[in-house]
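Report on one structure; see the data block that follows.
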Amino acid sequence: MWTPAESQVGAAQNLERGALYRVPDVFDAITPCSLFASEPNQLFFKMPRSFYDRKTHRWSRYPDMSLADPDGGREQLVAFFLNDIYDYCRKALARGGHRFPKRERRWSAAHVKGPATNDGDASMYGVVLTEAGLDVQWPNVLSDIQVVKNAELLPEAVRRLSTGASHVFSTQDDRIYHIGLAFAGDDFAVVIHDRAGRLQCLTRKVHLHGVLLVRLVVALCLLDRTPLGRDPAVTRRDDGTRFIAVNGLHYQILERLALSSHVRGRGTVCWRCRRLGSKEDYVIKSAWVDSSSAEAEVTFLKAAIGVDGVATLVDHEIVSDAEGRPRSTDLFRASLRRQRRGNNIEGLEMLQLHRIVMQPYGRPLCEFSSKEELLSAIRDTVATHQILCEERRILHCDISDNNILLHAPRVHERLRRGLLIDLDCASFVNGPKSFAVSGHRAGTLPFMSSIVLRYPRLPHVPAHDLESFVYVLMWICANYSGPSCMRRKDYDIHRSPLGYWLAGDPKEIGHQKWLVMHRKTQAEFRAFLDEIFDPYFEDLKDCVSDLRNAVTRNESKPTHEDVLDVLEIHICAQQPPSDRRTPILLKREAAPPSWYTSNPMWAKRAPEDVDELSEDGASDDEDDYDTRNTFQDAVVRVPETDGSGAAQASVRTLASSDKSTHSAKRSLSSTCDSQHDGRRSPGVIWTSSSKRRKVESGNLER
């Protein structure tokens, strides 16, 4: 069973893959001497003997780590030591007319508080730098320090700094990089985290490298926030309002919509913003993009212009630093790339900060107002996905609950529409007829296709995204107990059967999904849904079952029409009887379902004898990546009858691409499930020539 701790392990492993060690000092890159009113070496050499004894080359007030109390004593003594240096330097610089930050900054030893998450408690003990008057919480931490007894424990201090950096990046949406210090006995090292990973600078001696230590204290405590790793494009006014600039235009930040929780990666941040004097909402997205990639999200947004259901590009910029250079993670790595020795950085990407302004603004999918709106929004995005694939040759490749939003309904419509967002992982399809995307692997683990996870070298095709849409609906039904983001109580999804899908080895996750989506019988899959679904979604279990059959158990390659028809049927079933409309089915060959009309002529009985594909008919070879090709017979749906003998529903017929091969296929019929009037949901029977069942009065008997 997956546990939250495994998520932390996975993030730490990913960060470690981007770690560089013994990096030469990088302070000229972030704190050039031009930023100092008085150079740090001058401040150091003017220090009185009560601070530093130049004969013995020792700091007079630096604690002996071997003697300090291990239960917080070392951290307190280090905080006192650094504050003493800060107080001296502040007085010296004040005499020279140096301008200081509006709020004084102080070091303190404390348990830094943070919100409890699924990944665990964010509280951690250490030395932190914060502005006076602010609570000691991760959103307010400017820099942090970890202290250990001796140099042998330095790796432990670095590991704890990485944990602290993850809390900083997950709570501060304007953070570009984070600077931390590790004190290990009489040694210290500067540790920098950014979106490309971690850099651990050369280990220095506290007593022998006093100038460097003074430079660090002055830079962290007395310079503005930009050298500390904060984004200068995000500003805060005296009244607390925040603004962000994109290509010289300033937008007021009204709400933070999303913030990446991991250090290494795209570091995506989204805000809802407005221009001054306007009531029009915009979404501004910041993300770190691989500079070697020729296909950034803005490329796909431009190609998707005019497609309904996709965000509209308003503005875009590659963020620049004060000198006009693209802001990138090579700020600390450029010199290493030139040296071509020491750390191997050839495999490390160079990330650049991109900003995109988009419209419209949408709300999370979990804020659906009804099950009808939930299904309708998913249907909208499936239709949008089809247009992107077939008309614009774009494959999304990262369908997830976070990438489907709700936005304003059209005029005279009551349901909000689905909006498909986040084309970070998208790719243009290959060739005029092929939808395959080779060598492109991306996605969000719980929503990735089992085939993509099990066979990473196979091309990504539209059917894999269609499978992801099914997982989105399952995720909502398992995590929520009603509309408006009503979370389930006393339910931990990490310890549910879905927990196996959340983290771990991708191939193992893919195998677990494959067992559920391909191998389970109808009854077994229904029992699986009974275990994970909240009772509120009881009448959507048949919808999910039908989607599974259409996508992962379809005897031919699944299509968008297959998924859209299933959703259309169940959307209509959710409508009030007085307003229920006839479903419009894309692949239908028969008439509308009989429960939409009083004319019984639409009620069609299934043939007396039908063939059923044994649930054991699936391939026993687990390495058969496309198990749906093992089902060579059609799907037959049997209409239920009400008390009068009239069939309640007649649903679509599967179109055959090879009439000679599939001449024995039967028409597809079903019942639509709804809690209205006690109707059943569509049932599915897989048929084969190997076994027979007899249909009598719409019911099956052996």
Here Rg/Rh (Cα, Kirkwood) for the stretch 4-230 equals 0.95
Counted neighbours (other Cβ, 10 Å), sorted fewest up, put E390, E317 in the order E390, E317
Non-local residues with an amide H under 5 Å from the amide H of L20, with H modelled 1.01 Å from N and Pro and chain starts lacking one, are R198, L199, Q200
For 400-407, 356-363, ranked highest to lowest by mean beta-carbon neighbours within 10 Å, the order is 400-407, 356-363
Computed on Cα atoms, Rg of the stretch 233-361 relative to 2.2 N^0.38 Å comes out at 1.20
Mean separation of Cα contacts under 8 Å (at least 6 apart) over the residue count of the stretch 4-230, i.e. the relative contact order in percent, is 24 percent
Ratio for the stretch 131-257, C-alpha Rg to 2.2 N^0.38 Å, reads 1.18
For the stretch 259-269, in residue order, the Karplus 3J(HN,Hα) values (coefficients 6.51, -1.76, 1.60; θ = phi - 60°; whole Hz; Gly and Pro = x) are 8, 4, 9, 10, 6, 8, x, 6, x, 5, 10
Note, the stretch 132-138: 3J(HN,Hα) by Karplus (6.51, -1.76, 1.60, θ = phi - 60°), whole Hz, Gly/Pro = x, goes 4, x, 9, 5, 7, 9, 4
With L77 itself left out, Lys, Arg at +1 and Asp, Glu at -1 over residues whose Cβ is under 14 Å from its Cβ give -3
One finds the C-alpha centres of the stretch 347-395 and the stretch 139-189 to be spaced, in Å, by 36 Å
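Computed from the coordinates by the stated procedures, all read-outs in this text should not be read as laboratory data. Every value quoted in this text rests on a predicted model; they were computed, and no experiment measured them. Cβ sites come from the backbone with ideal geometry, for glycine too, and all protein chains shown count toward neighbours.
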